[in-house]
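Chemist: Structure below; questions to follow.
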Amino acid sequence: MVNRRRFLGGSLSTPVLATTGGRGATCSAHTGSSRVRPGDPAWPAHSSWSSLQRRLSGRLFPLRSPLGSCRDPESAACRELFRELKNPYYIGDDPALTQTTGWVDAWTSRPSAYAVEARRAADVAAAIDFARDHSLRLVVKGGGHSYLGTSNAPDSLLIWTRAMNDIRLHDAFVARGCSDEPAPAVSMGAGAIWVRAYDEVTTRGGRYVQGGGCATVGVAGLVQGGGFGSFSKAFGVAAASMLEAEVVTADGLARTVNSRSHPDLFWALKGGGGGTFGVITRLTLATHELPPYLGVVSIPIRASDDAAFSRLVSRFLDFYVTALFNPSWGEIANIATDNTLEIEMAFQGFDQARAAAIWQPFLQWVEASPEAFTLVRPPLIRAVPGNRRWDPAFLKTYAPAAALSDDRPGASPNNIFWAANRSEAGHFIHAFKSAWLPAALLEEHRRGNLTEALIGASRHAKVEIHFQKGLAGGRPEAIAQALQTPMNPAVADAFALAIIGSEGPPAWPGLPGHEPDLAAARRDAVAVTKAMSELKKVAPGSGSYVAESDFFEPDWQTSYWGANYPKLLAIKRRYDPTGLFFAHHGVGSEAWSDDGFTRTLRQEAGGG
Ligand SMILES: Cc1cc2nc3c(=O)[nH]c(=O)nc-3n(C[C@H](O)[C@H](O)[C@H](O)COP(=O)(O)OP(=O)(O)OC[C@H]3O[C@@H](n4cnc5c(N)ncnc54)[C@H](O)[C@@H]3O)c2cc1C
């Protein structure tokens, strides 16, 4: 269900207006070192847009900001818009929106000038050729979940892949030109979202595919960051399962890439960052045997004071090392500012009774000190048959509080999303930082320091420990395969990714009635910086996950990709010599201004 009414409202016969007033733009003729904006003399003439429209069979649209309905902030339409901004499907169906509305002092979500609603590789090639030939800023959007704002850019041409969402299972896939053993796999259009992939592969197909945790994240966006899901300690990063991709490069050629054909580009796509090397139109991931049971554990425990909280966190880490630091367990423990330990773990491979037995000693220890520890809710330990884990009908019946629905009239009943992700729908980010925590910190003699750092950090902001986003303790094959991707090898030595963030409700600076509270946002940002610096005391230079990281990440090249960066940059230059593709802190972006419109370094001196 696509919100086409509004953006179809504009037609190509309407004169195109600059969408932002050309922030920082020179209105001079195109010089070759900067991209053009609406209003610039070199902006394509109407006849050029019309010929692109013909090549696309009508799938080119001018975009309008949905905020037009908020000229009167009290209007019913504006109220409805802000209600829907908590529905990730509504956002995903509108090419003028992104799942994050903005980030204080970093970026604000704004629509492109035009969007191409791509349905096939030829549409993507047409958009790429047009943007290249007319020196336009090009941007690609799949699920629209980029925290860094890399799937929106005002004054740009957008390639929107939402409609390329077919999913096909294979019993015996062999990548083109390869002689590998045929293997079960799934091919997905670039615009498919994970909940659809899981439904096809797991509910209907009885197999497992490694994707992400959030239901509405796009498959191509996630895979190009690396991609972690609850069970990544067992099945690895999503990118490592990729057998083949179809990608349209800056020269407009659609290429099939795999371990034999363009292996360098194939490698770069497995974690080198989205929107950088070309536009993926389809990708194929190996599927895995589905574990008979998949389960969750939810145990929130409040400590009576700081000293008790420190004991609780310390004991939990001991328990983690002895019972959970293995391929069966993933997900999150939050160390909260109010002395609560929020345990939200996931397991695979065994049943509920076994899971309960594993947790019993820890729970016994907690319950033995009622004066120090309170279970905020009774512990929840639940397993379901593997093939029900992402089954929309099953979840709506048996886990209605966990799986929310797209409530628009006529929405597909399969449009579900996790209640846990609702706060992030349309959120305005105050701060977001992540760091891999080396497994060495779990060694007995260092665990005390780790506890101290976690508690110290939690005095400033809640610390989320995402265990499945560090592969240490995982299956050796999963670790070995991750090391064959361009991700920072720190991922293999880390037992978890620590994430510290803060956010507010959907907001746009300057929009009456819906402005972000900038003072509060900046205060939160300071607190998050202080919290992360406590962790950095025990994990200096530990690296960060590109897809879930700070907009202001210092030394991002090393942080995201470590020693792999020079190779990624060489591949970027080979396939995109003029830097057509630009993403904030993407490979080669150091050669461009922050908005990606002006080349600031010659290619030899910097990026692609
Ligand atoms: C609520 C939420 C939960 C998340 N949970 C997880 C998680 O569990 N595990 C995890 O690993 N990550 C997670 N992430 C991070 C997520 O993986 C990244 O934000 C990812 O890049 C989103 O992909 P997308 O297609 O939805 O986003 P988009 O914003 O559309 O795309 C992200 C980037 O990829 C580019 N891109 C998209 N499609 C293509 C394409 N076809 N070809 C080339 N470039 C393309 C875009 O230009 C952009 O630069 C989460 C993010 C959010 C907001």
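The values are calculated or read from the model by the stated rules, or taken from the named source; none is laboratory data. In this text the structure is predicted, and so the values were computed from the model without any measurement. Every residue, glycine as well, gets a Cβ built from its backbone with ideal geometry; the counts of neighbours run over all protein chains shown. Side chains included, ligands, DNA and RNA excluded: accessible areas come from the protein's heavy atoms. Shrake-Rupley method; radii C 1.70, N 1.55, O 1.52, S 1.80 Å.
Chemist: For residue 226, state whether it is closer than 22 Å to residue 475 by Cα, within 10 Å of the ligand (Cβ to nearest atom) and crowded, with 24+ Cβ neighbours inside 10 Å.
Modeler: Considered against the rule, which asks whether it is closer than 22 Å to residue 475 by Cα, within 10 Å of the ligand (Cβ to nearest atom) and crowded, with 24+ Cβ neighbours inside 10 Å, residue 226 comes out as yes.
Chemist: Does residue 34 satisfy the criteria of being at pLDDT 90 or above and closer than 19 Å to residue 130 by Cβ?
Modeler: yes
Chemist: If you don't mind, there's one more thing I want to ask. For residue 69, which of the numbered conditions (1) in contact with a Cys (Cβ under 6 Å, 6 or more places away or on another chain); (2) at pLDDT below 50 fails to hold?
Modeler: (2) is the only condition that residue 69 fails.
Chemist: Just checking: which of the helices (runs of 4 or more DSSP H) contained wholly in region 507-608 hold 3 or more residues that are more than 16 Å from the ligand (Cβ to nearest atom), more than 22 Å from the chain's Cα centre (by Cα) and at pLDDT 95 or above?
Modeler: Per the criteria, 518-538, 565-575.
Chemist: Any idea which of (1) free of Cβ contacts under 8 Å to residues at least 60 places away in the same chain; (2) open to solvent by less than 10 Å² (accessible area, probe 1.4 Å); (3) not aromatic (Phe, Trp, Tyr) is the one residue 402 doesn't satisfy?
Modeler: Condition not satisfied by residue 402: (2).
Chemist: Follow-up. Restricting to region 504-526, name every residue that is touching a residue at least 40 places away in the same chain (Cβ under 8 Å), surrounded by fewer than 20 Cβ atoms within 10 Å (Cβ to Cβ) and not basic (Lys, Arg).
Modeler: 504, 505, 508, 509, 511, 512, 513, 518, 520
Chemist: For the subset of region 87-114 comprising residues that are within 12 Å of the ligand (Cβ to nearest atom) and assigned to a loop (DSSP other than H, G, I, E, B), which member is farthest from the chain's Cα centre (by Cα)?
Modeler: Residue satisfying both the conditions and the ranking: 112.
Chemist: Let me ask another. What are the residues in region 229-244 that are touching a His at 6+ places or on another chain (Cβ under 9 Å) and either open to solvent by less than 10 Å² (accessible area, probe 1.4 Å) or not hydrophobic (A, V, I, L, M, F, W, C) (or both), if any?
Modeler: Of everything in region 229-244, those that are touching a His at 6+ places or on another chain (Cβ under 9 Å) and either open to solvent by less than 10 Å² (accessible area, probe 1.4 Å) or not hydrophobic (A, V, I, L, M, F, W, C) (or both) turn out to be 234, 241.
Chemist: Only one of 331, 289 is among the acidic types (Asp, Glu), touching a helix residue (DSSP H, G or I) at 6+ places or on another chain (Cβ under 7 Å) and at pLDDT 95 or above; which?
Modeler: That would be 331, the only listed residue that is among the acidic types (Asp, Glu), touching a helix residue (DSSP H, G or I) at 6+ places or on another chain (Cβ under 7 Å) and at pLDDT 95 or above.
Chemist: Still on this structure: Give the residue that is farthest from residue 293 (Cα to Cα), with candidates limited to residues of region 245-262 that are more than 11 Å from the ligand (Cβ to nearest atom), surrounded by fewer than 24 Cβ atoms within 10 Å (Cβ to Cβ) and not polar (S, T, N, Q).
Modeler: Here the residue is 251.
Chemist: So is residue 284 at pLDDT 95 or above, of a type in the set (S, T, N, Q), within 13 Å of the ligand (Cβ to nearest atom) and surrounded by fewer than 24 Cβ atoms within 10 Å (Cβ to Cβ) or not?
Modeler: Criteria not met by residue 284.
Let's see how each residue does on (1) in contact (Cβ under 8 Å) with a residue 40 or more places away in the chain; (2) of a type outside the set (Gly, Ala, Ser); (3) at positive phi; (4) surrounded by fewer than 18 Cβ atoms within 10 Å (Cβ to Cβ):
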position	(1), (2), (3), (4)
373	yes, yes, no, no
382	yes, yes, no, yes
419	no, no, no, yes
427	yes, yes, no, no
449	yes, yes, no, yes
467	yes, yes, no, no
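Chemist: Considering each of 171, 105, 180 in turn, give the residue that is open to solvent by 30 Å² or more (accessible area, probe 1.4 Å) and on the phi > 0 side of the Ramachandran plot.
Modeler: 105
Chemist: Kindly indicate whether residue 161 is over 15 Å from the mean Cα position of the chain (by Cα) and at pLDDT 95 or above.
Modeler: The answer is yes for residue 161.
Chemist: Do we find that residue 124 is open to solvent by less than 10 Å² (accessible area, probe 1.4 Å) and touching a residue at least 40 places away in the same chain (Cβ under 8 Å) in this structure?
Modeler: It is true that residue 124 is open to solvent by less than 10 Å² (accessible area, probe 1.4 Å) and touching a residue at least 40 places away in the same chain (Cβ under 8 Å).
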